[in-house]
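So the structure is just underneath, and the comments pick up after that.
The numbers here are math on the coordinates, done by the rules we state, and not lab data. Remember, predicted model here, so these are calculated numbers, not experimental data. Glycine also receives a Cβ, built like all others from the backbone with ideal geometry; neighbour counts cover every protein chain displayed.
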Amino acid sequence: MLNTYFKRDLRSGLTSKSFSRRNRWKEELSLSSALESLETRLLLTGEVEGTFVSDLNDNGIKDPEEDGLPGWTVFVDSNENGVLDPGEISQLTNVDGDFLLTGVPAGLQTIREIPHAGWIPSTGFFDHYQVNVKDGDSVKVDFYNTIDQSGSIEGTIWNDANGDGIHAAAELGLSGWTVFLDLDANGILDPGELSATTDVDGHYAFLNVDSGPYRVVEIVEPGWEVTRGTPSARNITVFTASTTTANFNNLIPVDGSVSGSIWEDLDGNGLVSGA
């Protein structure tokens, strides 16, 4: 597909008039020292078409019972900044979830969707793709999206200095501690299990994890122990689009001593009699 644009430069002086072949021409006119240049160039364009699929079972296939997604925005992200800017080619999907972008400049182009709240790309799919658009041709790009079933886990690991199990304002968070999701409940951070490190305030977070039950475990640092009566693991349930909290309180144990007397209780009364 061809688009045409003109470029005109004005200078002084009338000098010449010339033409060239293959739909390109150049005309130069000079009036007393003003030179006018008229140039036409051909722009090559193609089309990008596709469908937005409601992939409810997240299997990456458009099953018979799954519909298209109408009213979703797709655009040519010309500057690749992830935002639909003024002047960028865009369109809303129709009632069947289909779209057609026309006049797309030939070459590598990024085609991006604007996700709706509560939806995410299906497993193995993305919210944007780079395609090679050719003059006069149509490129097909489909977007598969599924309902976001994920939630989040967050919490704080803190120094329970007085051992009362209450997080007082003066009791600081513990930074650099490791917490992990113990999928096999063996109490050990195994390869493949998600882990996080607490920040300067002792805070940690696991974002966008699948909903369901989890066992969250802290790794107690040397020289510390958990507050008496509190475990180093928490069993929680993550719900869709919500955040579940699991906090951990620890303290540095204080050494004490035990003393007493051993005596011969001749009368068996359990009392130390006077000499």
TODO: Please turn the phi angles of the stretch 90-98 into ³J(HN,Hα) values with the Karplus equation 6.51 cos²θ - 1.76 cosθ + 1.60 (θ = phi - 60°), one per residue in order, whole Hz, x for glycine and proline.
DONE: 8, 6, 8, 5, 7, 4, 9, x, 8
- [ ] Give me the distance between the Cα centres of the stretch 215-275 and the stretch 163-202, rounded to whole Å.
- [x] 19
Task: Qualifying chymotrypsin sites (Phe, Trp or Tyr not before Pro) for the stretch 92-172 [loop in DSSP, other Cβ within 10 Å: at most 15] - done: PHE126
TODO: Please work out how much length the chain gains when fully extended from ALA233 to SER273, using 0.36 nm per residue of separation minus the C-alpha to C-alpha distance, in nm with one decimal.
DONE: 9.3 nm
- [ ] Take peptides 48-56, 167-175 and line them up by average Cβ neighbours within 10 Å, highest first, as a rough protection proxy.
- [x] 48-56, 167-175
Open item on the list: So, R0 is 22 Å and r is the distance between the beta-carbons of ILE61 and LYS140; what FRET efficiency does that work out to, to 0.05?
Closed with: 0.85
